[in-house]
Amino acid sequence: MIDTNRLINLFLELVAIDSESGDEREICDFLKQYLSQFTKDIQEDNAGASFGGNAGNIIARIKGNAPAPRILLNAHMDVIAPAKGVKPVRDGDIIRSDGSTTLGADDKAGIACILEALNAIRGHSLPHGDLLVIFTVSEEIHLKGAHALDPKHLDADFGFTLDSTGVAGDIITSSPSHDTIAARVFGRAAHAGMEPEKGTNAIWVASRAIARMKLGRIDSETTANIGIIKGGRATNIVPDQVEVTGEARSRNLEKLDAQIAHMKECLETTAAQLGATVKVGVQREYMAYKHSEQIPVIQHAVAAAASLGLEPHFISSGGGSDANVFNERGLPTAPMGAAMQNPHRLDEFLNVNDLAGAARFTLALVHAK
Ligand SMILES: [Zn+2]
């Protein structure tokens, strides 16, 4: 019932629309127009306005025609930069970018699967319960769109987020909590050639602190990274300031708190030892969840997989998604494999057979039998 050609063409059309985080205006308009063939109940909130983006989240409702659970289908509209002027290249069953941009299968594969499932429902007059479709903005910037969404919109029994690597039947049952740690190290400026002894090099202090940190994979459920360093003005000035920004994630909150405390301690102790000062800020971006295999959202996904003859795979993810926010707000939501591979990289790609499989799985989630 999934029309593979229509699905692939829709995917190619979506990735050709520029939609880096905060710049979702064009794709938002395209999607509202596309959804209007299924329902008149389409809203756009003002999420973008709250953080400087040019579009809001789309909330669309499609009335059910059969007794069935009320289901949320969710994906995000923004893509990881660089993604301006994406030129998708078809190579047999593989679609990739030309190498100068990401492909944006994260998360346009998810959007295409949801829209094609709606096409199939309508085209074949299939029975389904009430459907809630939420396409968010700026998911890639710490889930800003989902955080800004008014929780009153989350009126469904459970939800599925089409935003994960993996294929049809891959069901994400847990995801970590995620903290951002941002530090500013203050030293003392001085002329690097004439009186360097009067300065305190903030970059040197920060690098000593980072060198002491446990980073990378900490254990099976905990990771940490320093991702950004910004500082310095000229080679002839001993730098008096540097910003260090990183993150830690864990599916175990105690371990997350311990890792963040460790990173903070490395910065503070090192700064004190080397005559600098440091200001450290920690922000909790989103909370972990862990779904039992027995709860309705997971059981529903298992039944959908079985209806397609697929073996369900339960996966613990190291990444976050809009599902973290929806779960925190009380709507049980699970991410599903949506065919994307190597997301957040220039060699991101997708196999069209996996895309068709994920669309069939999305349809099985909403097709009431
Ligand atoms: Zn994504």
Just one listed residue, out of G318, G275, is at pLDDT below 95 and in contact with a strand residue (DSSP E or B) (Cβ under 8 Å, 6 or more places away or on another chain), and it is G318
Tally, over the stretch 112-145, of residues that are farther than 16 Å from H344 by Cα, within 16 Å of the ligand (Cβ to nearest atom) and touching a His at 6+ places or on another chain (Cβ under 8 Å)
5
Please determine, by comparing only the residues of the stretch 328-341 that are outside any strand (DSSP E or B) and touching a residue at least 60 places away in the same chain (Cβ under 8 Å), which one is farthest from the ligand (Cβ to nearest atom).
G330
Which listed residue is surrounded by 18 or more Cβ atoms within 10 Å (Cβ to Cβ) and among the β-branched types (V, I, T), from T245, T161
T161
Say we look at the stretch 146-201 and pick out the residues that are of a type in the set (G, A, S) and in a strand (DSSP E or B); which of these is farthest from the ligand (Cβ to nearest atom)?
A190
If I go through the stretch 235-275 residue by residue, how many of them are assigned to a strand (DSSP E or B) and of a type in the set (A, V, I, L, M, F, W, C)?
5
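The values are calculated or read from the model by the stated rules, or taken from the named source; none is laboratory data. On a predicted model such as this, the values are computed, not experimentally measured, just so you know. Reconstructed Cβ throughout: ideal geometry from the backbone, glycine too, with neighbour counts over all protein chains shown.
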